[in-house]
Amino acid sequence: LEQPPLEAVDDAVFEKIGPYYHPQVLVVTAGTEVTLRTQESRCGGFHAIANKNQAFNRVIPTGEKHTWLAEHEEIVPVRCDIQPHAHGVIVILDTPHYAKTDEDGHFSIRDLAPGTYMLRAFHEGLGVWTKDQVVEVESWGHTSWLELRTTATP
C-alpha cells in the first residue's frame, strides 16, 4: 500500500518538569524537530541513548531549550544521569499511522485504506517491549478489535 507523505509533528516538546520527563513517552514522525527544555527542575539532565539518530547528553538549565532532530525511526530512551528515577522515551516512527493509548489503554487509528497492516505495540514500562501483530482492514470505516497482552517474567 502506498502511504501518504510523512509530515513532521508540530510543536513536539519533551521537557523536564521537576524530576520527571513530560510526556514520559513522546511519539513523533521521522524528520521532526523536538524541543528539549526544563521547567522548575534542579537538574536539567537529558541523556539520550540513540543508535540511528544523534545521541546527546546535556544539561538544559531552567528557561533554556535545545532543538534535536529526530531523523530516523528508532525508540530513544532518555534518562537523567543525576536523577536515576527520571526516565522517558522518544519514539520516532516512519509512518503517519500511529496512536498513543489513553489512560485505559484504548486507542484508534483512523483513515486507513483497506489492506493488511503490521501493528507494532510498544510499552516503555516493560523494558522497551514491542509486539507485532497483523491487522486486516476490510473496508473504509471498518473497525478491528484487538487485544495485546503480555505476562511478567521473573
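The values are calculated or read from the model by the stated rules, or taken from the named source; none is laboratory data. Source: prediction; values computed, not measured. Neighbour counts run over all protein chains shown; Cβ positions are idealised from the backbone, glycine included. Just so you know, the surface numbers come from the protein's heavy atoms only, side chains and all, with ligands and any DNA or RNA stripped out. Shrake-Rupley method; radii C 1.70, N 1.55, O 1.52, S 1.80 Å.
Observations on the structure shown:
- Label zone of Ile17 (point 7 Å out along Cα→Cβ, amide N under 14 Å): in region 23-43 this covers 23-26, 37-41.
- Loop-located GluC sites (Glu not before Pro) in region 1-40 (DSSP state other than H, G, I, E, B) with a sparse environment of at most 13 neighbouring Cβ atoms within 10 Å: Glu2, Glu7, Glu40.
- Shown here: the chain, whose C-alpha atoms stretch 52, 41, 27 Å along the first, second and third principal axes, sorted largest to smallest.
- Within the chain, longest stretch free of exposed chymotrypsin sites (Phe, Trp or Tyr not before Pro) [DSSP loop, at most 10 other beta carbons within 10 Å]: 1-139
- Full extension of the chain between Glu7 and Lys131 yields a length gain of 42.2 nm, computed as 0.36 nm times the residue separation minus the alpha carbon distance.
- For the chain, the relative contact order works out to 19 percent when only alpha carbon pairs closer than 8 Å and six or more residues apart are counted.
- Within the shell defined by Cβ-Cβ distances under 10 Å, the residues around Asp94 carry a net charge of -2, with Lys and Arg each +1 and Asp and Glu each -1.
- Contour minus Cα-Cα distance for His142 and Glu71 (0.36 nm per residue): 22.3 nm
- Electrostatic tally near Gly45: other residues with Cβ closer than 9 Å to its Cβ, Lys and Arg +1, Asp and Glu -1, net +2.
- Heavy-atom accessible surface of the chain, averaged per residue, reaches 66 Å², computed with a 1.4 Å probe.
- Under the Karplus curve 6.51 cos²θ - 1.76 cosθ + 1.60, θ = phi - 60°, whole-Hz ³J(HN,Hα) for region 79-89, x wherever Gly or Pro sits: 9, 10, 5, 9, 10, x, 7, 8, 8, x, 9
- Exposed trypsin sites (Lys or Arg not before Pro) absent: longest stretch of the chain, with sites in DSSP loops and at most 16 other Cβ within 10 Å deemed exposed: 53-99
- Region 17-76, accessible surface, carbon-and-sulfur percent (1.4 angstrom probe): 45
- Extension gain for Arg120 to Thr35 (0.36 nm times residue separation, less C-alpha to C-alpha distance): 28.0 nm.
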